[in-house]
Amino acid sequence: MNYTVLIGGAAGQGMDTLSELLTKSLKRYGFFVFKHSDYMSRVRGGHNFIQIRFSDKPVYTYEENIDIIFALNKETIDLHKGRLKEDGIILADKEVSEENNILALDLEDTAKNAGNSRAMTSVGMGSIIKMLGLKSDKALKVMEDTLKESILDVNMNAFSKGYEMVEKRFNLDSMNDGRILIDGNTAVAMGAAAAGCRYYCGYPMTPSTTVLSNMEKWSHGLGIFTEQVEDEVAALNMALGASYAGVRAMTGSSGGGIALMSEALSLAGIIETPVVIINVQRPGPATGLPTRTEQADLRFVMHSGHGEFPRMVISLRNVEDAFYQTTRAFNLAEKYQIPVILLSDQYLADGATTTVPFDFKKVKIERFLHEEKLPEGRYKRYELTESGVSPRIIPGKFEDKVVLVDSDEHDEYGNITESAQVRKDMVDKRNKKGALLESEIQEPWLIGVESPENLIVCWGSVYGPVKEAIELLVEEEISIGALVYGDIYPFPIKLLQEKSKSAKRIIDIENNSTAQLDGLMRQFALIKSDIKILKYDGRAFSIDEVYRRLKEVIE
Amino acid sequence: MTCEYDLYDPSWCPGCGNYMIIKALKQALEELEIPSHMAVIVTGIGQAAKMPHYIAANGFNGLHGRALPPAIGIKLSNKDLTVIAESGDGDTYGEGGNHFIHTIRRNINIAHFVHDNQIYGLTKGQGSPTTAMGQVTTLQYDGVKVEPVKPLALSLTMGAGFVARGFSGDIPQLVELMKEAILYSGYAHLDIFQPCVVWNKVNTFQWYKDRVYKLPEDYDYTDFNAAYKKAMEFGDKIPTGILFKVEKETYEDRFEFIKNGPPLVDAELNPMDAEKLLNDFY
Ligand SMILES: Cc1ncc(C[n+]2csc(CCOP(=O)(O)OP(=O)(O)O)c2C)c(N)n1
Ligand code: SF4
Ligand SMILES: [Mg+2]
């Protein structure tokens, strides 16, 4: 089984709450759910829609074909009715439309009867649950858990009226639940909280803002200092101050904000102060498409910041990956005293997915702080060592030692210097850490067949649609598989070298226009892709699109 | 007795006002008996910003214009540290102007010493935000064409609870002002006249000496209107001392877990503490 419900309307019509309630209910009925939102950058009006796909098997992305459309305005019907499956149905208020194949219901009046015309979405929800053939209990419980006391009765009443109003159309049974429903940004924030982040500051910028708002929500309960600061320049400089003082610190933004952080990123490099930064990508350049998705900042975060210094870039592939990689990022940042950049995107950030609850017992906090006695004399924050990593202490914790960090080139004590020899030693020291990082990087995930003739390469959130499309193609006995990069800089080359040998063609699938991953492959592995499937219209790939475009090139 | 804070000899030009300021700072920290490992000097970039290199305290010599953000990060992470942000007039009122405004709004418990030489020293004599209108500089050949910032009036009207001015030519007063600023619970703004003997031939040691006068004993520093008048006084006579000082709740005290808990840096980190967050997602 595999169903999609689309809810469409103008901003401000209550679609958010409806989709949240419906998605959560479907999860509670035991289904695997994926919620995908398509929003315009406006608070009222426009055309927005949310697609909720659910199945008895794990789902990773959205599909083009729809079973039920719940239309809050006529535009929704006009735009999406072409995607309706043969036995699909459109649900709308009778004022909206009375065309064929549309179940025009008395939604608004029913809601008024239930106590408030704004409860129209709850009437709709009742009808949807009934049409799917599900009992009303779990959905009502979700309403109870979610809605404010003051509006609960009206909405439950409206739900029941909606439920009574229609006939069963599908025959679904509930299954076992036990999973969580979470989006990418929340998973990142939860990862940070689990990793012991105690300082998170940022400046609102779609689609990164909910990382900040989640941290803010959890701040008092967990003792995490969180602040909306004056700008992104302040954000990263503050995080570095906090980290210098010994606290695990993180900041984040989307491309424009990350651009403002680039000088401080370079500072993190030279003062060798650990920090974790998340870039939730949206299409650029400049303001671009604020509420939409793209994977175009890979090169940017690899090179952002002047001068040469080691850093690590990890792209996030799904919500589970987002959680665990965030926790790992904190350890890596402290182990090598470097900035670690996480790359997410709007599609992953906002897409809610069911997943196995994160295992907090698996999370390790490794701080790599020097706690033993130090030699007599001044403390050398930048002591030259074999590995390039110097023993790091926290100010105020050693009675006779002070800690000096400096954005100027400095000697081992942290004091400003212009000595040619010291300069060279310090550059070598920092570069050694970069070389060491290569021992940490994880090879990409291999999905599909073991040694595919058709080798896909992709990174980050494209994982979802690629995975499902490959499953369909493997069923058709096509030799296809994919390397899905998480760690992406330093760039892992082993598996690529191995799998490219037996591959007939390498197909690069990316959500950008310049095939940035292909560039990395050429640069670091001397391997290039043969075919590129690129998408840069601001939307994420659907399974159907990946499947179709792969079929075209595989023949 | 040797000063615990003594380190290298600075590389400033002979006669630079910064020598007096660092002398006063060391004395102030000594007299307050703050152990050197519990003090942090946070600076941006400029001549003034080299302070951490010449004083045996913890130091964070960050980016031009960005002394305040790391100072805030440090103080919130470890409230037991004495945090002093220190930088030039260009660094503070120009490149870092936005942080200056918003740090005042927060009222975080740090002391902020601005070495105000009314010029860009390190980059060789360009006009700074406090350079006088009309003054000829190495860049503004035919004179500065914008009004100078009035730093004390700015911090005062933004709501700072401690606003003061010192002069590097009066070390005893400067030491007292620094001590007061450090002891003040909240954000303390101390603008310090610091002659740059090389690049500012207008605002010389003598120029300041001829103009500064100490606020009288009976001056009421809790009177905002009086303070505003004094903050605007910048001509033949320029007042020094504490212009304004009132008690205000600090930023960190608005966070219960910071106010009543141990410093954040001492928190035991355990991933299991966050596991309860999952409950909302079932
Ligand atoms: C982003 C950035 N812009 C410009 C500079 C160059 N710069 C260094 S110090 C300085 C001005 C210093 O003036 P001020 O802050 O008044 O300090 P002073 O040297 O007078 O003590 C400038 C423009 C820099 N280091 N970084
Ligand atoms: S240039 Fe001016 S501010 Fe810089 S050290 Fe020389 S006198 Fe002092
Ligand atoms: Mg200056």
Electrostatic dipole magnitude of region B:182-282 [Cβ: Lys, Arg +1; Asp, Glu -1; Cα centre; debye, to 20]: 820
Burial order of peptide ranges B:155-162, A:133-140 (average beta-carbon count within 10 Å, highest first): B:155-162, A:133-140
Those chymotrypsin sites (Phe, Trp or Tyr not before Pro) in region B:1-110 that DSSP places in a loop and that have at most 16 other beta carbons within 10 Å: B:TYR8
Surrounding net charge for B:CYS3, when Lys and Arg each add one and Asp and Glu each subtract one, Cβ distance under 11 Å: -2
Entries in A:LYS362/A:LYS433; A:LYS397/A:LYS433; A:LYS373/B:LYS50; A:LYS27/A:LYS168; A:LYS401/A:LYS432; B:LYS23/B:LYS50 that, when Cα-Cα distance is taken, lie over 22 Å: A:LYS362/A:LYS433; A:LYS397/A:LYS433; A:LYS373/B:LYS50; A:LYS401/A:LYS432
Cα-centred dipole magnitude for region A:445-554, charges only on beta-carbon of K, R (+1) and D, E (-1), debye, nearest 20: 420
Shielding by other protein chains, A:392-403, mean Cβ within 10 Å: 6
Cα-projected label distance for B:TYR141 with B:ALA226, points at 7 Å along beta-carbon direction, nm: 5.0
Beta bridges by DSSP in the protein assembly as shown, antiparallel share as percent, to the nearest 5: 30
Helix axis angle, A:209-222 relative to chain A longest principal axis, alpha carbon, degrees: 80
Expected 222 nm ellipticity per residue - DSSP helices of 4 or more, -39500 (n - 2.57), all of chain B, to 500: -7500 deg cm²/dmol
In region A:168-209, the chymotrypsin sites (Phe, Trp or Tyr not before Pro) that fall in loop regions by DSSP, at most 16 other Cβ within 10 Å: A:PHE170
Protection proxy ranking, peptides A:214-222, A:373-381, average beta carbon neighbours within 10 Å, highest first: A:214-222, A:373-381
Distance violations [Cα-Cα > 25 Å] among A:LYS335/A:LYS499; A:LYS148/B:LYS248; A:LYS81/A:LYS148; B:LYS150/B:LYS248: A:LYS335/A:LYS499; A:LYS148/B:LYS248; A:LYS81/A:LYS148
Among A:PRO452, A:THR146, A:PRO339 - extreme Cα towards positive end, dipole of the protein assembly as shown, charges at beta-carbon: A:PRO452
Which of B:ALA57, B:TYR251, B:VAL136, positive extreme of dipole for chain B (C-beta unit charges): B:VAL136
Hypothetical label at A:ARG83: residues of region A:319-362 whose amide nitrogen lies under 19 Å (7 Å Cα-Cβ projection): A:346-354
Value of [θ]222 nm, deg cm²/dmol, for chain A, DSSP H segments ≥ 4, -39500 (n - 2.57) each, nearest 500: -11500 deg cm²/dmol
The protein assembly as shown, dipole about Cα centre (Lys/Arg Cβ +1, Asp/Glu Cβ -1), debye to the nearest 20: 420
Loop sites in region A:33-133: trypsin sites (Lys or Arg not before Pro), DSSP, at most 14 other Cβ within 10 Å: A:ARG42, A:ARG44, A:LYS94
Given chain B, longest segment not containing exposed loop GluC sites (Glu not before Pro) (DSSP; at most 13 other Cβ within 10 Å): B:34-216
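No value in this document is a laboratory result; all are computed from the given coordinates. From a predicted model like this one, the values you see are computed outputs, not experimental measurements. Here Cβ is always computed from backbone atoms with ideal geometry, including for glycine, and neighbour counts include all displayed protein chains.
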